[in-house]
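Values in this text are rule-based calculations from the coordinates and carry no lab data. Keep in mind the model is a prediction, meaning the values are calculated, not measured. Don't worry about glycine lacking a Cβ; one is built from the backbone with ideal geometry, like all the others, and counts go over all protein chains shown.
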Amino acid sequence: MKIVIIDYGAGNIQSIKFAFQRLGYEAVLSSDANEIREADKVIFPGVGEASSAMKKLRESKLDLIIPELRQPVLGICLGMQLMCHSSEEGNTQGLGIFDVDVLKFSNDVKVPQIGWNQINHLKSDLFKGIRENEHIYLVHSFYAPICKETIAQAEYGIVYSAALQKDNFYGTQFHPEKSSDAGEQILRNFLEGI
Amino acid sequence: MLTKRIIPCLDIKNGRTVKGVNFVDLRDAGDPVELAAIYAQSGADELVFLDISATEERRRTLADLVLRVAEKVNIPFTVGGGISSVEDVDILLHNGADKVSINSSAVKNPQLINELVAKFGSQCIVVAIDAKQIDGEWLVHLVGGKVPTELNLFEWAKEVEERGAGEILFTSMNHDGTKDGFANEALAKLSTQLNIPIIASGGAGKMHHFTDTFVEGKADAALAASVFHFKEIEIKDLKEELKRNNIAVRL
């Protein structure tokens, strides 16, 4: 199986690469359009600020390539947010794969949300073997509201999308690569069950 | 529900753990990677590595260690100690650290916080503050709490938040090493005045100290070293105790 992690200068890519290694898979980093297109599974990572990450995607023309992919694609954290229609962060136009606008958490809660929260209302093979209310690790200030593409929910002041799916595109707001055994199971599901 | 975090802290010198540890099942008590993996399996929510080496080779040794930890450990970890530039942070994050913590360098050059946040995002920038209460006033201290400044803890913490830091790690020098509980009054004030997560540090001795710092101190996370290293408190027992006290934890 060929796993490509999209390398566009945003994100803690090393951790994702190591997480796959612990599962017995080698993932390669690439920004090459052909290599990404030919992969069996594609990971779209992202940490940091939305508008500058989107700018990097545009500079490398990856903004045109990602929405056209046909194999399973998993966006993580900011990667998932960039797959949405837009983000309030830096008034960013996203890739428009998920039909939802990313918003900032209100000041009724501490921002960023950092730590382990629970996911529930799980509905995807991505969560096979994962119990309702399992703990996963998140770090974020912006969130995708509940929408028709929501496949997992979390609660932080409001109920929001912890994961999204449309066709071959998957996104998790949490970091499966940092979410202990549950996170490793989710990554394994993405590789072996989808 | 977002849970309260329990964070063991490992002091590192030249790539090795410094303080003694009492883990019978450890092949090499000085190997931070092995210790980190054991903590990850025993229910720690996050780890902090604090580098206290002072050699020329420090940067490279720490970067290598981060890479080895990231390879083995499946929970988030923060690296701190002597970090003073964008380049330092770049290599540590690139090698797999989830967050970095800066301390003295932020006091000396507060603009560094803005620069790091602009380049890497708030979510990975922790500002550590060591403070001591002197004649009623909480003053920020530098160099591991040895050198006093004239900065007021609460004013500095507010500035740190305004400059974009994602989290504050507050160590009370009055409580550190006493094993007599965390500085809950100051912590509660920080947690109420600021809108970013606060990690409590300094004073852990008994399990109820953690309950107290989450309830009275309103802390979002609690950090400790020796109580975990010497197995005076098992993380699993601690979390069960917290749960009995209706504190949300990951079990």
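Structure above, values below:
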| quantity | calculated |
| --- | --- |
| Ranked by how many other beta carbons lie within 10 Å on average, peptides A:117-128, A:79-90 from highest | A:79-90, A:117-128 |
| B:T178/B:E240 FRET efficiency (R0 22 Å; Cβ-Cβ; nearest 0.05) | 0.30 |
| Protection proxy ranking, peptides B:240-250, B:65-75, average beta carbon neighbours within 10 Å, highest first | B:65-75, B:240-250 |
| Helix-only CD estimate at 222 nm, as mean residue ellipticity for the protein assembly as shown, using -39500 (n - 2.57) per DSSP H run (n ≥ 4) | -9000 deg cm²/dmol |
| Cut-off 13 Å (backbone N to label point 7 Å along Cα→Cβ of A:E68), residues of the stretch A:5-36 | A:33-36 |
| Extension gain, B:Q41 back to B:I134 (0.36 nm per residue minus Cα-Cα distance, nm) | 29.5 nm |
| Long-range tail of P(r) for the stretch A:74-150 (Cα pairs > 20 Å, %) | 36 |
| Difference of contour (0.36 nm per residue) and Cα-Cα distance, A:N34 to A:S51 | 3.6 nm |
| Gain in span if fully extended, B:T192 to B:D64, counting 0.36 nm per residue against the direct Cα distance | 42.3 nm |
| Cα-based reach from B:K72 at 18 Å (exclusive), listing lysines while leaving out same-chain residues under 8 positions away | A:K17, A:K178, B:K99 |
| Antiparallel bridges, percent of DSSP beta bridges restricted to chain A (to nearest 5) | 60 |
| Of B:D64, B:D98, B:D130, the one that fluctuates the most in a GNM where chain B has Cα springs shorter than 10 Å | B:D64 |
| Rough spin-label spacing in nm, given labels placed 7 Å along Cα→Cβ, for B:A54 and A:D181 | 4.4 |
| Partner chain coverage, peptide B:190-197 - average Cβ within 10 angstrom | 3 |
| Intensity falloff of the stretch B:5-244 expressed as log10 I(q)/I(0), Debye formula with alpha-carbon point scatterers, at q = 0.11, 0.14, 0.17 Å⁻¹ | -0.52, -0.88, -1.34 |
| For the protein assembly as shown, alpha-carbon Rg relative to the globular expectation (2.2 N^0.38 Å, N residues) | 0.94 |
| Packing-based ranking, highest mean first, of B:174-183, B:2-11, A:173-182 given that Cβ atoms within 10 Å are counted | A:173-182, B:2-11, B:174-183 |
| Relative contact order for the stretch B:196-251, counting Cα pairs under 8 Å that sit 6 or more residues apart, in percent | 33 |
| Peptide-level mean, for B:115-128, of C-beta atoms on other protein chains within 10 Å | 4 |
| Inter-chain shielding of B:93-99 (mean C-beta neighbours from other protein chains, 10 Å cut-off) | 5 |
| Mean Cα-pair separation over length for the stretch A:50-194, i.e. relative contact order, pairs under 8 Å, 6 or more apart, % | 24 |
| Gyration tensor verdict on the stretch A:1-132 (Cα atoms; rounded if a/c is under 1.5, prolate if a/b is larger than b/c, oblate otherwise) | oblate |
| DSSP-defined beta bridges in the protein assembly as shown - what % are antiparallel, rounded to 5 | 40 |
| Label-point separation in nm, A:L23 to A:D167, each point 7 Å along Cα→Cβ | 2.3 |
